[in-house]
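All remarks here apply to the structure that follows.
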Amino acid sequence: VLRRFHLKEQSWFCGVPEEQKMEAFHDLWVVKESFVKAMGKGLRIPLDAFCVNVRAGKTVCVRQELSEEPYYCRLYPLQQEALSLAVCSEDKELAEQLIWLTLPEEFSETEESEQKE
């Protein structure tokens, strides 16, 4: 899959220490996925048509020529899990921290009863 990424991303990945490659690949994938979703085209966009910079906790500009508008991404590592979350937007001001919302219990009960029907 990596060979389908932008050449600069491939070069960056080659410099990642072996013990960090799995995490680095997942972070790169999550950021790239957030961009193609933000564009609304999904994987119809070739993965080498744009370049992202993986920098956890920093908002970075996506290098691309697919849109006249710039896009910005931010990678949020989830400390309690071996996961990451990325947000991509035309708005440069992305939240520094995630805000977790909990749905009221009534919503969960309604959803469960609808699934049983």
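Read-outs: derived from the displayed coordinates by stated rules, not from any lab. Bear in mind that the values here come from a model prediction, so they are computed numbers and not experimental data. Positions of Cβ are generated from backbone atoms using ideal geometry, with glycine treated the same way; all protein chains shown enter the neighbour counts.
What is the gain in length, in nm to one decimal, between residue 58 and residue 26 on full extension, counting 0.36 nm per residue of separation less the C-alpha to C-alpha distance?
9.8 nm
First check a/c for segment 21-85, with a ≥ b ≥ c the square roots of the eigenvalues of its C-alpha gyration tensor; if it is under 1.5, answer rounded, and if not, answer prolate when a/b is larger than b/c or oblate otherwise. Working shown, then result.
Numbers: a/c = 2.11, a/b = 1.71, b/c = 1.23.
Cα axes put segment 21-85 in the prolate bin.
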Checklist outcome for this item: Two pseudo-spin positions, 7 Å from Cα along C-beta at residue 94 and at residue 78, lie apart in nanometres by 1.6
Next on the checklist: Could you tell me the extents of the chain's C-alpha atoms along the three principal axes, largest first, rounded to whole Å?
Outcome noted: 50, 38, 30
Item to check | Full-extension gain in nm, residue 3 to residue 44, via 0.36 nm per residue minus C-alpha separation | outcome: 13.1 nm
Next on the checklist: On a full-extension model of 0.36 nm per residue, what is the gain between residue 103 and residue 65, subtracting their alpha-carbon distance, rounded to one decimal in nm?
Outcome noted: 9.8 nm
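Counting pairs on different chains as well as pairs 8 or more places apart, how many Lys pairs in the chain have Cα atoms under 16 Å apart?
Numbers: 8/21; 8/32; 32/41; 32/58; 58/92.
Pairs that pass both the separation and distance tests number 5.
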